[in-house]
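The values are calculated or read from the model by the stated rules, or taken from the named source; none is laboratory data. Bear in mind the structure is a predicted one, so any value in this text is a computation, not a measurement. FYI the Cβ positions are ideal-geometry reconstructions off the backbone, even for glycines, and counts take in every protein chain you see. Surface areas here come from the heavy atoms of the whole protein model, side chains and all, with no ligands, DNA or RNA. Shrake-Rupley method; radii C 1.70, N 1.55, O 1.52, S 1.80 Å.
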Protein chains: 2
Amino acid sequence: MTPERYQKIMRVLGKRQPTLSVLMDEVNKPHNFSAILRTCDAVGVQTAHAVPPKSGEMPSFGSSAYEATSGSAHKWVRVQPHTDAVSAVRELQAQGVQVLATHLSQRSVDYRTPDYTRPTCVLLGAEKWGVSDAAAEAADGNIIIPMFGMVQSLNVSVAAATILFEAQRQRLSAGMYDTPQLAPDDLARIAFEWGYP
Amino acid sequence: MTPERYQKIMRVLGKRQPTLSVLMDEVNKPHNFSAILRTCDAVGVQTAHAVPPKSGEMPSFGSSAYEATSGSAHKWVRVQPHTDAVSAVRELQAQGVQVLATHLSQRSVDYRTPDYTRPTCVLLGAEKWGVSDAAAEAADGNIIIPMFGMVQSLNVSVAAATILFEAQRQRLSAGMYDTPQLAPDDLARIAFEWGYP
Ligand SMILES: C[S@@+](CC[C@H](N)C(=O)[O-])C[C@H]1O[C@@H](n2cnc3c(N)ncnc32)[C@H](O)[C@@H]1O
Ligand SMILES: C[S@@+](CC[C@H](N)C(=O)[O-])C[C@H]1O[C@@H](n2cnc3c(N)ncnc32)[C@H](O)[C@@H]1O
């Protein structure tokens, strides 16, 4: 490994945000999945939670569909699988994470309202069905990106990015990219994994 | 047409933003093109400018690739073709529009810096090549979305949405969605086209 490469890895890990994540509930199109991982990498999300589509369509990460479109983001963002969205939500909440479901309901608020400097996971729904009512109810809050057009919903990777860059904005002004957020042990371990794959 | 449908059309046209647009320079993947149109519809962009890919790969709008993924946004956002990016930039500038190229250069600024309440067009580049240096130089400004990860660039539809929802945020607080921005004649004409296709 060149010194430049090592420095890049350390610089990136110094900005990773272990308290920011996404939970993808059966997102099944590879180009959406990849675009979301790429955005995760850009804002410093280190772990993306995912419930694989029931149809079993989520391609394996080595497949060419991912390689072609993720810009290799799957190498830099860990994907943690879960069996179902509701239990994943409860598991995250037990760790002190607020889960915000992208879902239209009585209690939905504009996505710019929540405090994303708190430990936060953004729950994203499947292209066809969105977030289930059960998962949205289990979540700590429901958020929505205001839409003023004829079409009912955004592309899921577009919605993910819109919310994650609001989180980035808030975390930038809170100085959360100025000092490492990863625990020193985790930072050293990931640096080793990335440096010597 | 039902009264509900008519009211929806009038409500949407009342929020259209004729002074906000995008210019896609050879964006060639249908799912990206469609996701961008869908975001345009959501923030009120009425005209999306596009330079078709030289490879001639941009599918016609009736094709199933578009129908499947755009949520029919191509019906509600007009696509205006141009022969090349530089002349499109100059044409827009002659109409008093500031063109902001998504491009990394000496003069790039954070995408949150510009004033999007001014007449603005966001120039987006091709998946493979990005915005050409010539088009970026012709533009009034260069903007960039800050990235803190290992991967070099975002998906183009993700970048488009991140910027357009910042424009939406600024225009919301400036009250630009509270009163119709379309000229009364244009509003009436489009209402007729949408109501009786
Ligand atoms: C195509 S949408 C799902 C559409 C589905 N028919 C529904 O009604 O929920 C896929 C996912 O994109 C995200 N999404 C789309 N539009 C959104 C919006 N306006 N606000 C927040 N999330 C949105 C959500 O995660 C949603 O589950
Ligand atoms: C995949 S990128 C192009 C990558 C190309 N290799 C380059 O270096 O420009 C496609 C388009 O997405 C947009 N884009 C991607 N990342 C961006 C960022 N961080 N800021 C602004 N626009 C971005 C730009 O419109 C860009 O032209």
Discussion item. Of all beta bridges DSSP finds with both residues in the protein assembly as shown, what is the antiparallel percent, to the nearest 5?
Written reply: 5
Worksheet item: Tell me, what is the 1.4 Å probe accessible area of B:Arg5, in Å² to the nearest 10?
Response: 100
Practice prompt. Provide an ascending nm list, one decimal, of label-point separations from B:Asp186 to the equivalent residue in each further copy; define each label point as 7 Å from Cα along Cα→Cβ.
Written response: 4.9
Item to complete: Between A:Asp84 and B:Asp186, take the C-beta separation as r, use R0 = 45 Å, and let me know the FRET efficiency to the nearest 0.05.
Response: 0.40
Worksheet item: With all protein chains present, how much of the accessible area of chain A (probe radius 1.4 Å) comes from carbon and sulfur, to the nearest whole percent?
Response: 54
Practice prompt. Roll a 1.4 Å probe over the protein heavy atoms and report the accessible area of B:Asp185 in Å², nearest 10.
Written response: 120
Worksheet item: Ignoring ligands and nucleic acids, what accessible area does B:Lys54 show with a 1.4 Å probe (Å², nearest 10)?
Response: 140
Discussion item. On C-alpha positions alone, give me the angle between the axis of helix A:184-195 and the longest principal axis of chain A, in degrees, nearest 10.
Written reply: 80
Response to the item:
Residue by residue through region A:26-35, the couplings from Karplus 6.51 cos²θ - 1.76 cosθ + 1.60 with θ = phi - 60°, in Hz, x for Gly and Pro, are 6, 5, 10, 8, x, 5, 6, 4, 5, 5
Worksheet item: From the label point of B:Pro3, set 7 Å along Cα to the beta carbon, how far off in nm is each other copy's matching point, shortest first?
Response: 7.7
Discussion item. If you wrap a convex hull around the alpha carbons of region A:149-197, what volume per residue comes out, as a whole number of Å³?
Written reply: 109
Item to complete: Run through the DSSP bridge list for region A:17-188 and note the antiparallel percent, rounded to the nearest 5.
Response: 5
Worksheet item: Distances from A:Asp133 to the same residue in each other copy, label points 7 Å out along Cα→Cβ, in nm, shortest first?
Response: 5.9
Practice prompt. Report, in deg cm²/dmol and to the nearest 500, the calculated mean residue ellipticity at 222 nm for chain B, where each DSSP H run with n ≥ 4 adds -39500 (n - 2.57) and the sum is divided by the residue count.
Written response: -12000 deg cm²/dmol
Worksheet item: So how much accessible surface do A and B hide from each other in total, probe 1.4 Å, in square angstrom to the nearest 100?
Response: 3400
Worksheet item: Rounded if a/c is under 1.5, else prolate if a/b is larger than b/c, else oblate: which is region B:84-173, with a ≥ b ≥ c the root eigenvalues of its Cα gyration tensor?
Response: oblate
Fill in: A:Met10-B:Asp133 pseudo-label distance in nm [points 7 Å out on the Cα-to-Cβ vector]
3.3
Item to complete: State in Å² the accessible area per residue of the protein assembly as shown; use a 1.4 Å probe, count heavy atoms of protein chains only, and round to the nearest integer.
Response: 44
Discussion item. Skipping prolines and chain starts, which residues have an amide H placed within reach, meaning under 5 Å, of the one on A:Ala48, given they are 5 or more residues away or on another chain?
Written reply: A:Arg78, A:Val79, A:Gln80
Worksheet item: Mind checking the angle between helix B:85-94 and chain B's longest principal axis? C-alpha axes, 0 to 90 degrees, to the nearest 10.
Response: 60
Worksheet item: If you count, for each residue, the other Cβ atoms within 10 Å and average over each peptide, how do A:148-161, B:146-159 line up from highest to lowest?
Response: A:148-161, B:146-159
Response to the item:
Nearest 10, in degrees from 0 to 90: the angle of helix A:156-173 to the longest Cα principal axis of chain A is 60
Worksheet item: Where the eigenvalues come from the Cα gyration tensor of chain B, what are the semi-axes √(5λ) of the equivalent ellipsoid, largest first, in whole Å?
Response: 27, 20, 16
Response to the item:
the protein assembly as shown: spread of alpha-carbon positions along the three principal axes, whole Å, largest first, is 64, 48, 38
